[in-house]
Amino acid sequence: MSPRGTGSGTLRAFRVLTFDVVGTLIDFETGIVECVRQVAGPDSLKLSDEEILQEFCAAEDEQQQRTPRTPFTQMLDPISARLAAHLDLPALDGRGRPSPLRLSIAAWPAFPDAREALAALHRRFRLVAVTNADNAATRAMSSTLGDPFDDAVTAEDVGVNKPDPQVFAYCLGRLRMLDIARSEVLHVAQSQYHDIGVARQLGYATCWIERRRGRTGFGATPSPHSVTAPDHHFGTLAELAAAVEEAPALAQER
């Protein structure tokens, strides 16, 4: 699917933007590849970036099925061990200690547009992180992003990972305490597998940030059974922020 802005005139009607963090705001694919190359050194040169990401994707998907209640960041230890074996890169195996992938989280970069776009969006919306990371990793990634969030819902808080609907129910419960309804929430994410499909099924408005625009496949993110058509569709977060600014003002703003 090619990225497009859809229904931009309704964007200012929302009060809250909820965000997937890993892959939408934090460039975890770059973080993974850089970690593998740094730790494995010359041995990693036999592999392309896409081969590393595809193997990571397979390992994550398998681990997700085995331990759906384990935060993604804690899954990185068994994922790293599996990568060490499958890619013949023994340096990636933490051998019972925190793995190189898990230790690299604080160094994972933000996408180039993320900090500025989040700052712009924060002037109009309440921003909430809804992430499969644990609390410590969420704090680290939030710092990388300039600490833009008013609240955060993590897999550690809820006890399960997306795409489990309980994550969205937990988040909505917190928002309802602020008198915010589901119809006032736009869920923003790059992952069709973890976010867009289930959020749409639950009745949320969705915004797909297609970070892999122009590339085939889903990279390090597991493939969905089918691609869900979102309410809004952009290639970058900057495009979303620009669409919000260009959208017609609501009556109460005039």
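Restricting the stretch 208-222 to residues that are open to solvent by 50 Å² or more (accessible area, probe 1.4 Å) and in contact (Cβ under 8 Å) with a residue 60 or more places away in the chain, which is nearest to the chain's Cα centre (by Cα)? That would be F218. Of the residues making up the stretch 205-254, those that are under 15 Å from L25 (Cα atoms) and either of a type in the set (A, V, I, L, M, F, W, C) or assigned to a helix (DSSP H, G or I) (or both) are C207, W208, I209, A220, F234, L237, A238, E239, L240, A241. For the stretch 58-88, name all the residues that are open to solvent by less than 20 Å² (accessible area, probe 1.4 Å), small (G, A, S) and under 18 Å from the mean Cα position of the chain (by Cα). Across the stretch 58-88, the qualifying residue is only A59. Can you report the number of residues in the stretch 154-166 which are open to solvent by less than 60 Å² (accessible area, probe 1.4 Å), farther than 19 Å from P222 by Cβ and touching a residue at least 60 places away in the same chain (Cβ under 8 Å)? Residues that pass the stated criteria total 2. Criterion first (surrounded by fewer than 20 Cβ atoms within 10 Å (Cβ to Cβ), in contact with a Gly (Cβ under 9 Å, 6 or more places away or on another chain) and assigned to a helix (DSSP H, G or I)) does A169 satisfy it? So A169 does not fit the description; no. Note on the stretch 37-83: residues that are among the aliphatic types (A, V, I, L, M), closer than 30 Å to D157 by Cβ and free of Cβ contacts under 8 Å to residues at least 60 places away in the same chain amount to 7. Residues in the stretch 181-204 that are of a type in the set (A, V, I, L, M, F, W, C) and either closer than 17 Å to T24 by Cα or open to solvent by less than 10 Å² (accessible area, probe 1.4 Å) (or both): V185, L186, V188, A189, I196, V198, A199.
The values are calculated or read from the model by the stated rules, or taken from the named source; none is laboratory data. Being a predicted model, the structure only gives us computed values, none of them experimental. Glycine also receives a Cβ, built like all others from the backbone with ideal geometry; neighbour counts cover every protein chain displayed. Side chains are part of the model used for accessible areas, which takes the heavy atoms of the whole protein and leaves out ligands, DNA and RNA. Shrake-Rupley method; radii C 1.70, N 1.55, O 1.52, S 1.80 Å.
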